[in-house]
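Reading through the structure tokens given below for one structure.
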Amino acid sequence: MDDNTARAMAALTTGIYVLTVAEDGRAHGMSSSWVTQVSGEPPLVMAAIDRGHLSNAMVARAGGFALNVVGSRAKHLEDYFYSERARRPHNLDTIEYDLSPALGMPWLRDAMVSMEVRVRDSREAGDHTLFIGEPTAVRLAHQDRPLTSLELDYVYVGGRQVIPRDRTGW
């Protein structure tokens, strides 16, 4: 992706989430900003996961995931899951979480909102898989303001490309 396209993509503001998945006794989480609601009735959400990421295969096999909305007071979650420390298969070993009621997906205790999502469909889109799912359970844990990409010092635009955020607009 050329620099102008990367900067244009970085201008698309997003929420900040931690997508978590559990499978065969392993629990894994990843920083995720490519998430959106795609239907009102039924309520459906979509999360894009790089096909090379461990979470992609785990979500495909498990048939579900959890979306944990990161609030402004829990930025440490984004800092951890975006760091090198979290780039390992069982990276929830230092994070407090509970398992969601039906699918047993990790709900992070510090997240402001957690949703258990059952995958209903998936599609390949470039180097990512779009997982479309229906929330089957929700936990509203903390009143807070959702963290957005505007509050981070960087913006992930795909692959290994990260755009440092200059507070002047670029």
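Below are the figures for this structure:
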quantity	calculated
Near pairs, Cβ below 9 angstrom, 6+ apart or cross-chain, from the stretch 109-133 (touching a residue at least 40 places away in the same chain (Cβ under 8 Å) and farther than 15 Å from residue 66 by Cβ) to any residue that is of a type in the set (A, V, I, L, M) and not in a strand (DSSP E or B)	122/59; 122/60; 129/59; 129/60
The stretch 79-92, residues that are of a type in the set (A, V, I, L, M, F, W, C) and not in a loop (DSSP other than H, G, I, E, B)	81, 86
Residues within the stretch 1-49 that are of a type in the set (Val, Ile, Thr), touching a Leu at 6+ places or on another chain (Cβ under 7 Å) and either in a loop (DSSP other than H, G, I, E, B) or without any contact (Cβ under 8 Å) to a residue 60 or more places away in the chain (or both), tallied	3
Single residue of the stretch 111-135 satisfying the filter (assigned to a strand (DSSP E or B) and of a type in the set (A, V, I, L, M, F, W, C)) that is surrounded by the most Cβ atoms within 10 Å (Cβ to Cβ)	117
Matching residues, the stretch 93-110, being of a type in the set (A, V, I, L, M) and either touching a helix residue (DSSP H, G or I) at 6+ places or on another chain (Cβ under 7 Å) or in a loop (DSSP other than H, G, I, E, B) (or both)	95, 102, 103, 105, 108
Any chance residue 61 is surrounded by fewer than 17 Cβ atoms within 10 Å (Cβ to Cβ) and in contact with a strand residue (DSSP E or B) (Cβ under 9 Å, 6 or more places away or on another chain)	yes
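Read-outs: derived from the displayed coordinates by stated rules, not from any lab. What you see is a predicted model; the values in this text were computed from it and never measured. Virtual Cβ from ideal backbone geometry, glycine too; neighbours counted across all protein chains shown.
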